Amino acid sequence: MGFVCGLFLLLTLPALALTEVVASFSVCPDFFWKDQNGKPVTPTIFTEVNPQSGHDRYQKICQRYNNLYQFATLYDTTNKIPVYSAYNIEGIQKCNRKSNWFIEPELDDISGGPDMKNEENVKNLGENQAINNDYVKSGYDKGHLYPVSQADDQCTAYSTFTLTNAAPQHWHFNRGVWNQMERAVLNYMNTNCQLDTNKIAYIVTGIVPSNPSSLMNKRVNIPAYFWNAFCCFDNISKKWVSKAHLGPNDISGTLWELSLTNLETNLAQDYGKAFSVFGGHCQSDINNPIYPKP
């Protein structure tokens, strides 16, 4: 199925690579934790009017690919990086990577259409988002928030290659401890969590921007930290459990494994306001370490 999807997309990519800037994440609710009544609970959504444009600085994006919603992103148009991407896992498949990255035209041109596409013929290109040229000779990786390694099919894997799902990430951090953590989380879920249509796992990956701003190409904020939190239904305890990770975006190779509660405490200090990943739910910490520190 993954091969068929990949071949189909290669033939029809411009028409099928779609995304939407939306007024509410209710358009794509499947990627968020559900309360006991089945109501989706999003992570904290920041809001702030940009005095230059008159629009909200933080834009909600329902990332759609192959005519299906694949994940959701809250995007910071001032720092030109995402705040977080939210997604879920029902199962894992080894997927191929893409070599090119898309942008979201509606962020720069409200009449640009909903298609996630290449940068050609986009008005005001890069006014509110990072573009491929920002990364050229920067020394930084295009760091996925929703990583290819956690995609459950080839279509989903391709959908992650949008710059609205990426931030400047130190190459040593990205290819070292962060990559190891992503795979450790995946292995834990495959072994310990119920992954099916009834009990899917929810993951949110985000960044803390540098403040004062350290800029890539004099315009894109280089994050100070990357963070990740997941919630899944444990096969043994038969309850929803969580774990979180946080690391500085530098060459140190440092990564902390911590409870969801402790992560939210740290994020509240860094963001300067209260922050909740799963709306106060899924607070039962996995007591055992899941990430084998190098």
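The values are calculated or read from the model by the stated rules, or taken from the named source; none is laboratory data. Just so it is clear, the model here is predicted, and its values are computed rather than measured. As a convention, Cβ positions derive from the backbone with ideal geometry for all residues, glycine included, and neighbour counts pool all protein chains shown. The area values use the complete protein model at the heavy-atom level, side chains included, leaving out ligands, DNA and RNA. Shrake-Rupley method; radii C 1.70, N 1.55, O 1.52, S 1.80 Å.
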Check your understanding: Which of the helices (runs of 4 or more DSSP H) contained wholly in the stretch 114-192 include at least 3 residues that are surrounded by 18 or more Cβ atoms within 10 Å (Cβ to Cβ)?
Key -> 154-159, 179-192
**Study point:** Members of the stretch 9-40 found to be of a type in the set (D, E, K, R) and modelled with pLDDT under 85, listed by number
**Key:** Glu20
Practice item. Mind listing just one residue for me: the one in the stretch 215-225 that is part of a loop (DSSP other than H, G, I, E, B) and in contact with a strand residue (DSSP E or B) (Cβ under 7 Å, 6 or more places away or on another chain) and, of those, surrounded by the fewest Cβ atoms within 10 Å (Cβ to Cβ)? Key: Ala224
Check your understanding: (1) of a type in the set (Asp, Glu); (2) surrounded by fewer than 19 Cβ atoms within 10 Å (Cβ to Cβ); (3) without any contact (Cβ under 8 Å) to a residue 24 or more places away in the chain: which one isn't true of Glu264, the others all being true?
Key -> (2)
Study note, to complete from the structure: The condition from (1) modelled with pLDDT under 95; (2) under 23 Å from Tyr140 (Cα atoms) that Asn287 misses is numbered (2)
Exercise for review: Looking for whichever is modelled with pLDDT of 80 or more, in contact with a strand residue (DSSP E or B) (Cβ under 7 Å, 6 or more places away or on another chain) and either more than 30 Å from Gly176 (Cβ to Cβ) or among the acidic types (Asp, Glu) (or both) here; the options are Val83, Val49. Which one fits?
Suggested key: Val49
Exercise for review: Select from the stretch 22-38 the residues that are closer than 20 Å to Glu264 by Cβ and either open to solvent by less than 30 Å² (accessible area, probe 1.4 Å) or among the basic types (Lys, Arg) (or both) and list them in ascending order.
Suggested key: Phe25, Phe31, Phe32, Trp33, Lys34
Check your understanding: Of all the residues that make up the stretch 235-270, how many are of a type in the set (Lys, Arg) and not in a loop (DSSP other than H, G, I, E, B)?
Key -> 1
